[in-house]
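Step one of this worksheet: look at the structure below.
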Amino acid sequence: MALALGSSAEASSAAHLPERIASRVATGHLGSDAATLLRVEGFGPSVVYRIEALRNLLGKAGPLQEIDGETSKAMWRDIRDCTPFADGAERPVWRVSMAPSQAHHMVMALRMQAAVDAFYDWQGGLVWLSMREDDPEAGLLRGLIRKYGGGHATLVRASASHRAALPVFEPQPQHLAALSARLKAEFDPKQILNPGRMAPGAGSATLARPTEGSAS
């Protein structure tokens with residue numbers, strides 16, 4: 001992916017779907033083997049020229065297949081929408097953003113300690129993770145992200161009990177969390193707006209209309 005995106009072919013998107021994942025997009029058009037996908041957009045003659053440039057550049061990387069039309073649109077839509085993990089289950093799904101050069105190292109380290117499926121978008125800078133067990137492994141995952149250069153992990157799906165117990169969004173460093181808390185206190189002193197949604201520990205408030213002869 002890095003070779004293609006660093007070339008003059010101007011690929012606009014790059015994704016990698018490992019085995020077990022590729023067959024879950026575009027109604028199985030890609031088959032079950034791992035696939036690396038490059039998207040080329042623009043005017044017809046320009047697209048033809050740039051695809052040929054990619055063929056010459058990547059000819060030794062393995063068999064190349066050109067996919068266009070509605071199949072291409074469906075494929076990239078499924079990647080965008082995380083369709084491979086939209087199976088109706090409650091198994092935890094994470095959306096991880098980190099340096100593309102480090103993402104696959106982090107995933108390999110995670111797989112040494114937890115059962116997880118993964119695929120990559122944004123040239124590897126966006127990683128979708130589906131845990132095969134009920135435990136989101138939040139501490140393990142976020143620790144590995146810090147180890148491999150830092151990033152953000154958002155818990156997109158999990159059971160209600162796990163979502164209530166874990167920070168859904170990446171916890172902020174202490175100084176940033178304190179600054180965010182002060183800003184929220186300034187703009188929302190009664191803690192009416194989404195209490196506890198963006199950060200744990202925020203209180204709640206109840207709105208009530210004062211009745212005659214009472215004060216609040």
Query raised in the report: Which of the residues that make up segment 1-34 are part of a strand (DSSP E or B) and either basic (Lys, Arg) or out of contact with any Ser or Thr (no Cβ under 9 Å at 6 or more places or on another chain) (or both)?
Result: Ser13
Query raised in the report: Using beta carbons and a limit of 7 Å, which pairs, at least six apart or on different chains, have the first residue in segment 183-202 and within 16 Å of Pro171 (Cα to Cα) and the second one at pLDDT 80 or above and part of a loop (DSSP other than H, G, I, E, B)?
Result: Met198/Phe169; Pro200/Pro167; Ala202/Gln191
Report summary line: Note on segment 87-102: residues touching a Ser or Thr at 6+ places or on another chain (Cβ under 9 Å) and within 18 Å of Glu170 (Cβ to Cβ) are Pro92, Val93, Trp94, Arg95, Val96, Ser97
Requested in this report: Give the residue that is surrounded by the most Cβ atoms within 10 Å (Cβ to Cβ), with candidates limited to residues of segment 58-70 that are hydrophobic (A, V, I, L, M, F, W, C) and in a loop (DSSP other than H, G, I, E, B).
Outcome: Ile67
Report task. Identify all residues within segment 43-80 that are closer than 14 Å to Ser12 by Cα and over 26 Å from the mean Cα position of the chain (by Cα); write none if there are none. Result -> Phe43, Ser46, Val47, Arg50, Ile51, Leu54
Query raised in the report: Do we have Asp117 as at pLDDT 80 or above, in a loop (DSSP other than H, G, I, E, B) and not hydroxyl-bearing (Ser, Thr, Tyr) here?
Result: no
Requested in this report: Could you tell me which residue of segment 25-57 is surrounded by the most Cβ atoms within 10 Å (Cβ to Cβ), considering only residues that are in contact (Cβ under 8 Å) with a residue 40 or more places away in the chain and in contact with a strand residue (DSSP E or B) (Cβ under 8 Å, 6 or more places away or on another chain)?
Outcome: Val25
Report task. Mind listing just one residue for me: the one in segment 155-187 that is assigned to a loop (DSSP other than H, G, I, E, B) and modelled with pLDDT of 85 or more and, of those, farthest from Ala138 (Cα to Cα)? Result -> Ser159
Query raised in the report: Is one or more of the residues making up segment 71-88 touching a strand residue (DSSP E or B) at 6+ places or on another chain (Cβ under 7 Å) and assigned to a loop (DSSP other than H, G, I, E, B)?
Result: yes
Query raised in the report: Is it the case that some residue within segment 178-196 is under 20 Å from the mean Cα position of the chain (by Cα) and outside the structural domain of Arg77 (by TED's automatic domain parsing)?
Result: no
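The values are calculated or read from the model by the stated rules, or taken from the named source; none is laboratory data. It should be emphasised that the depicted structure is a prediction, and the values quoted were computed from it without experimental measurement. FYI the Cβ positions are ideal-geometry reconstructions off the backbone, even for glycines, and counts take in every protein chain you see.
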